[in-house]
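Colleague: First the structure, then my questions, so here it is.
The values are calculated or read from the model by the stated rules, or taken from the named source; none is laboratory data. Please read all numbers here as calculations on a predicted model, not as lab measurements. When we count neighbours, we look across all protein chains shown, and the Cβ atoms used for this are built from the backbone with ideal geometry, even at glycine. Ligands, DNA and RNA are excluded from the accessible area calculation, which covers all protein heavy atoms including side chains. Shrake-Rupley method; radii C 1.70, N 1.55, O 1.52, S 1.80 Å.
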Amino acid sequence: MRNAFFNLTAVMIINLMITPNMLKAQDIALPAPSRKGGKPLMEALDARGSAREFSERDLTNQQLSDILWAAWGINREADGKRTAPSSHNRQEMDVYVTLKSGLYIYDAAGNTLKQVHDRDIRALTGTQDFPATAPVNLIYVADLTKRGLREGQQVTDTDQLSSWANTGFMAQNVYLWCASEGMSCVIRAMVPRNTLAPEMGLRPLQVIILAQTVGFPAEE
Ligand SMILES: Cc1cc2nc3c(=O)[nH]c(=O)nc-3n(C[C@H](O)[C@H](O)[C@H](O)COP(=O)(O)O)c2cc1C
């Protein structure tokens with residue numbers, strides 16, 4: 001009896017220790033990002049542009065992996081640095097992803113999309129019509145606790161300046177990936193932040209900066 005109690009306690013402690021990094025059934029394990037190929041840089045720059053009409057076709061998991069690595073993946077494993085710069089390397093940004101199957105957060109180190117919930121909230125990510133039906137909306141969220149702010153503190157515009165710049169780099173990486181792969185995207189400031197943040201379960205110091213819709217071109 002006593003042994004059984006200790007065994008049960010040991011299992012519970014081990015579970016508590018490993019659960020945060022464990023893949024849950026609803027998470028999406030992504031294939032390794034391609035990291036090679038694509039159009040030469042000048043050709044991708046030549047093709048870059050915004051599009052607002054999308055096919056409803058889903059991206060493959062390889063495309064999701066590549067696009068998220070382009071946006072905010074780890075490209076120098078030795079020190080965990082990323083494909084986009086961040087002020088003082090604070091890495092305060094998170095990329096949330098809305099798919100038909102729910103809301104996810106990109107875990108770059110684990111190369112996983114961790115499910116936040118299973119509701120389709122694509123329509124809530126924008127005030128335009130296309131985010132509702134396009135397969136992917138990336139939502140760039142700054143966690144200002146990583147910039148030294150404390151819960152309860154008022155967020156000023158200045159607190160967010162670096163995060164807006166940071167998001168610009170990430171979004172341009174996505175633009176170039178889309179240009180290289182013949183995919184469509186548009187960066188969006190027209191985001192109903194006050195209604196979207198609670199739908200995403202964000203804390204007060206998690207601030208939505210911009211969103212970016214991605215998909216196959218409509219005329220396909
Ligand atoms: C900070 C920022 C916010 C933007 N917000 C929106 C938006 O909410 N909706 C939209 O359709 N396009 C948005 N755009 C895209 C611009 O309209 C687009 O970049 C511009 O018309 C130039 O077109 P191009 O990207 O094809 O060169 C935004 C662009 C930037 C840089």
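Colleague: Could you tell me whether Asn137 is within 14 Å of the ligand (Cβ to nearest atom), touching a residue at least 40 places away in the same chain (Cβ under 8 Å), outside any helix (DSSP H, G or I) and in contact with a Pro (Cβ under 8 Å, 6 or more places away or on another chain)?
Modeller: yes
Colleague: Still on this structure, I have one more. Check the range 31-42 and report whether any residue there is among the aliphatic types (A, V, I, L, M) and surrounded by 12 or more Cβ atoms within 10 Å (Cβ to Cβ).
Modeller: no
Colleague: Does Arg90 fit the bill of being open to solvent by 30 Å² or more (accessible area, probe 1.4 Å) and more than 16 Å from the ligand (Cβ to nearest atom)?
Modeller: Taking the combined requirement at face value, the residue satisfies it.
Colleague: On to the next question. Criterion first (of a type in the set (A, V, I, L, M, F, W, C) and either part of a loop (DSSP other than H, G, I, E, B) or more than 18 Å from Arg48 (Cα to Cα) (or both)) does Val207 satisfy it?
Modeller: yes
Colleague: Now a separate question. For the range 131-148, which residues satisfy the criterion of being open to solvent by 20 Å² or more (accessible area, probe 1.4 Å) and out of contact with any helix residue (DSSP H, G or I) (no Cβ under 6 Å at 6 or more places or on another chain)?
Modeller: Matches in the range 131-148: Thr133, Thr145, Lys146, Arg147, Gly148.
Each row is one residue, and each column tells you yes or no for (1) within 12 Å of the ligand (Cβ to nearest atom); (2) open to solvent by 20 Å² or more (accessible area, probe 1.4 Å); (3) touching a residue at least 40 places away in the same chain (Cβ under 8 Å).
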| residue | (1), (2), (3) |
| --- | --- |
| Asp94 | no, yes, yes |
| Asn111 | no, yes, yes |
| Thr127 | yes, yes, yes |
| Asp157 | no, yes, no |
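Colleague: Can you tell me which residue is nearest to the ligand (Cβ to nearest atom) among those in the range 31-43 that are farther than 23 Å from Ile139 by Cα and in contact with a helix residue (DSSP H, G or I) (Cβ under 6 Å, 6 or more places away or on another chain)?
Modeller: Ranking the qualifying residues of the range 31-43, first place goes to Lys39.
Colleague: Within the range 181-196, work out how many residues are open to solvent by less than 30 Å² (accessible area, probe 1.4 Å) and either assigned to a helix (DSSP H, G or I) or more than 18 Å from Met170 (Cα to Cα) (or both).
Modeller: Number satisfying all stated conditions: 1.
Colleague: Checking Ala218 against (1) in contact (Cβ under 8 Å) with a residue 24 or more places away in the chain; (2) of a type in the set (A, V, I, L, M, F, W, C); (3) within 22 Å of Asp27 (Cβ to Cβ), which test does it fail?
Modeller: Every listed condition holds for Ala218 apart from (3).
Colleague: Could you check how many residues of the range 159-177 are surrounded by fewer than 22 Cβ atoms within 10 Å (Cβ to Cβ) and either polar (S, T, N, Q) or not in a helix (DSSP H, G or I) (or both)?
Modeller: 4
Colleague: Where the second residue is assigned to a loop (DSSP other than H, G, I, E, B) and charged (D, E, K, R) and the first is within 12 Å of the ligand (Cβ to nearest atom) and open to solvent by less than 80 Å² (accessible area, probe 1.4 Å) and lies in the range 44-65, which pairs have Cβ atoms under 9 Å and are six or more apart or on separate chains?
Modeller: Correct list of pairs: Ala47/Lys39.
Colleague: Would you check if Val207 is within 16 Å of the ligand (Cβ to nearest atom) and under 24 Å from Thr60 (Cα atoms)?
Modeller: No, not satisfied.
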